[in-house]
Amino acid sequence: MALVPIAEALERLLDGAAPLAGESVPLFEAVDRVLAEPVVALRTQPPFNASAMDGYAARAADVASVPSKLSVIGMAPAGRGFDGTVGQRQAVRIFTGAPLPEGADTIVIQENVHDLGGGEIEVTEPTAQWRNIRRIGLDFSTGDVLLERGRLLDPAALSLAASANHPQVKVVRRPLVAIIATGDELLPPGSDLGPDQIISSNAYGVAAAAHSVGARALDLGIAADRKEAIAELVQKAVAAGADVIVTLGGASVGDHDLIHDVLTGEGMTLGFWKIAMRPGKPLMFGRLGDIRCIGLPGNPVASLVCSQLFMKPLLARLGGRNHRQDIRPARLGTAMPANDLRQDYVRAVVREDDGALVATPFGIQDSSMLRMLADANGLIVRAPFAPAAAAGEACSVLMLR
């Protein structure tokens with residue numbers, strides 16, 4: 001089977017992927033969710049002409065020139081307006097947020113008023129009409145579209161939805177990713193290892209990658225290298241309502257690489273298998289009904305790089321999010337040899353030097369070395385058949401953080 005180019009593989013993987021159905025959630029649970037439908041104002045804000053300051057509600061004509069004496073005829077605290085009407089040379093003591101009394105058309109701030117006692121005040125600074133007043137509908141009016149479908153709900157958006165009288169909003173359902181590790185040699189962290197065993201680590205990084213684009217992760221544990229064991233966990237993933245099944249390891253062509261046979265036996269239609277990249281050549285993708293299946297390589301670095309390039313864009317699209325790889329121009333910190341037929345993602349340290357990014361690759365690029373990946377903050381992207389490059393030459397870098 002010929003190696004599939006990365007761009008073609010990504011196109012096949014994303015083909016037909018669309019945001020999942022919406023669900024209504026309370027506002028307190030909606031942070032960082034994506035709107036499935038617009039938020040329309042159910043009320044007008046402010047619902048009345050409101051005082052923007054503590055002071056005195058008066059007629060602008062009475063305070064256009066100073067000093068001006070006014071009689072205080074009442075009080076209007078927030079939440080309890082004044083029922084009467086402000087007449088000539090009259091004022092109402094008012095507080096921020098209170099409705100503007102009938103007859104008044106300006107607010108004199110309290111700093112510009114001298115209390116004369118006996119219910120009289122003296123205004124010491126002229127105040128123009130509609131000064132210090134929030135006019136009705138200043139923020140929005142009933143029926144206004146306040147937030148568009150697809151908006152990521154940040155703190156400001158959630159507060160806006162609440163102020164428009166929405167106790168809940170309809171958001172795109174978060175994709176559920178079922179993660180299945182495979183291998184007789186694997187044990188979970190904290191285990192007492194035998195002489196031929198290693199710790200299963202990939203699931204934690206893959207789950208974190210899923211969470212970073214708003215998806216949910218379901219860890220189904222480790223399946224032994226037996227078809228029936230793998231099939232049992234695949235069936236659990238289906239029963240759990242997974243939108244995506246991600247398998248770790250077992251996607252190559254060895255005697256114990258059983259993922260392809262198990263998934264096709266469960267009804268998966270293969271989309272592609274083996275792509276022209278390094279690390280990550282054995283990547284597999286297929287469809288099991290409405291469920292998308294991604295077979296990630298077992299090598300930790302390959303697994304996480306493929307998660308970045310393929311799994312995250314898929315989950316983002318299913319979750320209604322925009323996701324773009326952060327690829328930036330840089331200069332090579334050291335020389336690099338010519339590349340072969342696969343697109344290479346080279347772990348590197350990227351730093352800024354005199355206003356430009358410099359990417360220096362690690363000397364060893366073994367796909368089992370997690371410490372190197374954790375130390376890297378970028379991947380130098382080397383195109384297939386790229387010629388040898390000297391230090392200082394231009395390159396592209398996929399930023400990891």
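What number of residues in segment 381-398 are open to solvent by less than 20 Å² (accessible area, probe 1.4 Å) and within 25 Å of the chain's Cα centre (by Cα)?
2
Would segment 353-372 turn up any residue that is assigned to a loop (DSSP other than H, G, I, E, B) and over 20 Å from residue 278 (Cα atoms)?
Within segment 353-372, one or more residues are assigned to a loop (DSSP other than H, G, I, E, B) and over 20 Å from residue 278 (Cα atoms).
Tell me yes or no: at least one residue of segment 300-317 is in contact with a strand residue (DSSP E or B) (Cβ under 6 Å, 6 or more places away or on another chain), part of a loop (DSSP other than H, G, I, E, B) and either touching a residue at least 40 places away in the same chain (Cβ under 8 Å) or charged (D, E, K, R) (or both).
Among the residues of segment 300-317, not one is in contact with a strand residue (DSSP E or B) (Cβ under 6 Å, 6 or more places away or on another chain), part of a loop (DSSP other than H, G, I, E, B) and either touching a residue at least 40 places away in the same chain (Cβ under 8 Å) or charged (D, E, K, R) (or both), which makes the answer no.
Cβ-Cβ distance below 7 Å, separation of 6 or more or different chains: which pairs start in segment 266-279 with a residue that is farther than 27 Å from residue 368 by Cα and end on one that is open to solvent by 50 Å² or more (accessible area, probe 1.4 Å) and of a type in the set (D, E, K, R)?
Going by the 7 Å Cβ cut-off, the qualifying pairs are 268/287; 269/287.
Counting only residues that are open to solvent by 30 Å² or more (accessible area, probe 1.4 Å), touching a residue at least 60 places away in the same chain (Cβ under 8 Å) and in a loop (DSSP other than H, G, I, E, B), how many does segment 37-78 have?
So the count comes out to 12.
Which ones in segment 199-214 are touching a residue at least 60 places away in the same chain (Cβ under 8 Å), of a type outside the set (S, T, N, Q) and at negative phi?
Once the filter is applied, which keeps residues that are touching a residue at least 60 places away in the same chain (Cβ under 8 Å), of a type outside the set (S, T, N, Q) and at negative phi, segment 199-214 yields 205, 206, 209, 210, 213.
Can you run down the residue pairs with Cβ atoms below 7 Å, 6 or more apart or on separate chains, where the first is in segment 225-245 and more than 19 Å from residue 184 (Cβ to Cβ) and the partner is surrounded by fewer than 14 Cβ atoms within 10 Å (Cβ to Cβ)?
Nothing qualifies.
Sort through 20, 27, 100, 14 and tell me the only one that's touching a His at 6+ places or on another chain (Cβ under 9 Å) and at pLDDT 95 or above.
Just one listed residue meets the conditions, 27.
Here is a list: 338, 316, 330. Which entry is open to solvent by less than 60 Å² (accessible area, probe 1.4 Å) and closer than 25 Å to residue 384 by Cα?
330 is the lone residue from the list that is open to solvent by less than 60 Å² (accessible area, probe 1.4 Å) and closer than 25 Å to residue 384 by Cα.
Open to solvent by less than 10 Å² (accessible area, probe 1.4 Å), over 21 Å from residue 378 (Cα atoms) and not in a helix (DSSP H, G or I): which single residue out of 267, 286, 271, 280 fits that description?
286
The values are calculated or read from the model by the stated rules, or taken from the named source; none is laboratory data. What you see is a predicted model; the values in this text were computed from it and never measured. A quick note on method: Cβ atoms are made from the backbone with ideal geometry, for glycine too, and the neighbour counts reach across all protein chains shown. The accessibility values were calculated without ligands, DNA or RNA, using every heavy atom of the protein model including side chains. Shrake-Rupley method; radii C 1.70, N 1.55, O 1.52, S 1.80 Å.
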